[in-house]
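What follows is a single structure, written as structure tokens, with notes after it.
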């Protein structure tokens, strides 16, 4: 009887400890979520405040009783925000598409094809990740300038059509596919390109989707290179546009309208990540697992 009571007490204590641990974990996660999400909330809140109401606030308020969408209309009329969006969309789609072709073919070559010096070449590829980004930017700037491609979409796109990290990630994923499938396909007379498109790409779809989404985010947020290689507003991306808004009188004076522009620019990436977040997590975890 005593043993049964002791076991019951131990079980009760374990349950209390487990619940306490969960409560502390959820509390810390909630606190962290509030810290991370508050800037987004403040950005959206400021964007729906009128210009007069915002300037009349000596102490910032955390809500508004009279939201307005006037700032969003101002953001599109005060600066060519629509053109910035179009330029960024062209840059993102073309860069991502070309990069996808390059890294899929490169990853397949390193993962499945046998040629002299493959391991040495791949080691040299990985060593490129150790080069500081600033040095690459300087080299790319000189090359694009010498080719006369400044203030062109080609000049914006060409330096971004490959990635050593994405090649490595996809190569590791391709190597997880059993060699028996490749050998069987070769026996059946299937060529390398057909095997790549019909077998390897569908199996590695989660990783490829992850790479595409990460590249889209990278292109959309690109700032240093577009700022360096373009000084013609006709080729400005949204990152250049935000800087232009901040530097001119409109951005310095009308903070709510500037915040509205930031919300419009940020919304596509947030929606994209929320839609494909599970595929992103699955692709990253798959790419980092061997066997």
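Taking residue 189, is it farther than 27 Å from residue 91 by Cβ, surrounded by fewer than 13 Cβ atoms within 10 Å (Cβ to Cβ) and without any contact (Cβ under 8 Å) to a residue 24 or more places away in the chain? Lay out the reasoning, then the answer.
Numbers: farther than 27 Å from residue 91 by Cβ: yes; surrounded by fewer than 13 Cβ atoms within 10 Å (Cβ to Cβ): yes; without any contact (Cβ under 8 Å) to a residue 24 or more places away in the chain: yes.
Considered against the rule, which asks whether it is farther than 27 Å from residue 91 by Cβ, surrounded by fewer than 13 Cβ atoms within 10 Å (Cβ to Cβ) and without any contact (Cβ under 8 Å) to a residue 24 or more places away in the chain, residue 189 comes out as yes.
More than 31 Å from the chain's Cα centre (by Cα), touching a residue at least 24 places away in the same chain (Cβ under 8 Å) and closer than 28 Å to residue 258 by Cα: is that true of residue 54 in this structure?
Yes.
Would you tally the residues in the range 32-53 being exposed (fewer than 10 other Cβ atoms within 10 Å of the Cβ) and either farther than 24 Å from residue 73 by Cα or modelled with pLDDT of 85 or more (or both)? Break it down into steps so the answer makes sense when it comes.
Let us first name the residues in the range 32-53 that are exposed (fewer than 10 other Cβ atoms within 10 Å of the Cβ), namely 35-36, 39, 52.
Pick out the ones that are also either farther than 24 Å from residue 73 by Cα or modelled with pLDDT of 85 or more (or both) and you get 35-36, 39.
Number of matching residues: 3.
Could you tell me whether residue 109 is modelled with pLDDT of 90 or more and farther than 16 Å from residue 230 by Cβ? Give the derivation first.
Details: modelled with pLDDT of 90 or more: no; farther than 16 Å from residue 230 by Cβ: yes.
No; evaluated as a whole, the condition is false for this residue.
Hey, could you check the range 59-75 for residues that are touching a residue at least 12 places away in the same chain (Cβ under 8 Å) and in a helix (DSSP H, G or I) and say which is surrounded by the fewest Cβ atoms within 10 Å (Cβ to Cβ)?
The first filter runs over the range 59-75 and keeps only residues touching a residue at least 12 places away in the same chain (Cβ under 8 Å), leaving 62-64, 66-72, 74-75.
Within this subset, residues satisfying the condition of being in a helix (DSSP H, G or I) are 70-72, 74-75.
Values: 70: 15, 71: 24, 72: 19, 74: 18, 75: 26.
Here the residue is 70.
With respect to residue 85, determine if the residue is modelled with pLDDT under 90, crowded, with 17+ Cβ neighbours inside 10 Å, part of a helix (DSSP H, G or I) and under 22 Å from the mean Cα position of the chain (by Cα). So that I can check it myself, show each step before the final result.
Values: modelled with pLDDT under 90: yes; crowded, with 17+ Cβ neighbours inside 10 Å: yes; part of a helix (DSSP H, G or I): yes; under 22 Å from the mean Cα position of the chain (by Cα): yes.
Yes.
The values are calculated or read from the model by the stated rules, or taken from the named source; none is laboratory data. Note that the structure is a prediction, hence the values are computed from the model and not measured. Positions of Cβ are generated from backbone atoms using ideal geometry, with glycine treated the same way; all protein chains shown enter the neighbour counts.
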